[in-house]
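Take a look at the structure below.
Any read-out appearing in this document is the output of simple, stated calculations on the displayed coordinates, not a laboratory observation. The structure presented is a predicted model; accordingly, all values stated were derived computationally and were not measured. Because the Cβ atoms are built from the backbone with ideal geometry, glycine has one as well, and the counts that use them run over all protein chains shown.
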């Protein structure tokens, strides 16, 4: 595949501008149709109704840019398989998320839809031979792929609990994935990673604290499906097996940390992990007296730290690579212990 380097900034800024332009339109539409997130549940911290449908702006921004970029970069059969395996299940998941935003689906139905989308994704990437074999065992590879897609999709959905938190984190992770995939000459993955990052940055202009619009489940589930599939579609050929398996975890270490703490905390308190609550990383940081903006910056910095470690692991070898992996593992464990000890509920506040 012949590549013109100018194509990459073009698709990035096209996605950013397109999504940024569509978002206020979706905001006006949501307000006119009264599709808003009401502060009517204990775990919700905003005081005024915030319009949804930001997720549709992200989805449309990605689709429009991908279609335009396909003509710009030249779309062959191999690229078509990659795009189908990533975007079709993600769009279906976004549609399910939109229905959930409007109708408030049950957790069981949501999990069933996510599992179905993961199976479709696995079938497409396996049948299209667009996925490596992480363990070189068919059954283990299937299990890992399935659990990864469902787990990360839910993790991003969980992590969308604070202004700019999820959109900014995915922007950082996908931009890092662009660097890694471009260096590996996996140009279609690199291009799609840039499209995703641009869409998140475009939406972030409207979603940063104080947010003027939310992405809703339509956006968070779409982003979760896309980024989870992209990182396993990426083939770190320069790395050994264990380093290659660690890269996806480093790229999404912060949402994984948030979900791990929330699920563990709720199970220990005897509540459902699928039930909403004010026990996420952002909520725990705010209870330390931090403002919304400072909380967002800390979360972004944390995500960037793990992504820089991923870059270090990819471009290093031997003892340097092992050292970077150890730093990432130890930091993640220490952060888990520290965040877990922080209060998950204010004194006198009802538990979620």
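Listed values, structure above:
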read-out: Contour excess over end-to-end distance, with Cα ends at residue 333 and residue 320 and 0.36 nm allotted per residue; value: 2.7 nm
read-out: Percentage relative contact order, segment 197-352, counting C-alpha pairs under 8 Å, at least six apart; value: 28 percent
read-out: Candidates 204, 83, 230, ranked by Gaussian network fluctuation over the chain, Cα under 10 Å, top entry; value: 83
read-out: Label-point gap, in nm, between residue 95 and residue 298 - each point 7 angstrom along Cα→Cβ; value: 4.1 nm
read-out: GNM top mover of 289, 224, 276 - the chain, alpha-carbon springs below 10 Å; value: 289
read-out: Residue exposure sequence - 268, 225 - by fewest surrounding Cβ within 10 Å; value: 268, 225
read-out: The chain, relative contact order [Cα under 8 Å, separation at least 6], %; value: 23 percent
read-out: Neighbour-count ranking [beta-carbon atoms within 10 angstrom, fewest first] of 212, 284; value: 212, 284
read-out: Expected 222 nm ellipticity per residue - DSSP helices of 4 or more, -39500 (n - 2.57), all of the chain, to 500; value: -25000 deg cm²/dmol
read-out: Calculated FRET value between residue 245 and residue 63, using beta carbons and R₀ = 30 Å, to 0.05; value: 0.45
read-out: Residue with peak Gaussian network fluctuation, the chain [Cα springs, cutoff 10 Å], from 334, 31, 192; value: 334
read-out: Projected label distance in nm at residue 104 and residue 13, using a 7 Å step from Cα toward the beta-carbon; value: 4.5 nm
read-out: Residues in segment 199-223 that a label on residue 111 would reach, taking backbone N under 18 Å of a point 7 Å out along Cα→Cβ; value: 221
read-out: Estimated distance in nm for a label pair at residue 341 and residue 274, the labels positioned 7 Å out from Cα along Cα-to-Cβ; value: 3.4 nm
read-out: Stretch gain in nm, segment residue 235-residue 38, where the contour uses 0.36 nm per residue and the Cα spacing is subtracted; value: 66.7 nm
read-out: Gain upon complete extension [residue 28, residue 88; 0.36 nm per residue less C-alpha separation]; value: 18.9 nm
read-out: Least to most buried among 163, 37 (fewest other Cβ within 10 Å first); value: 37, 163
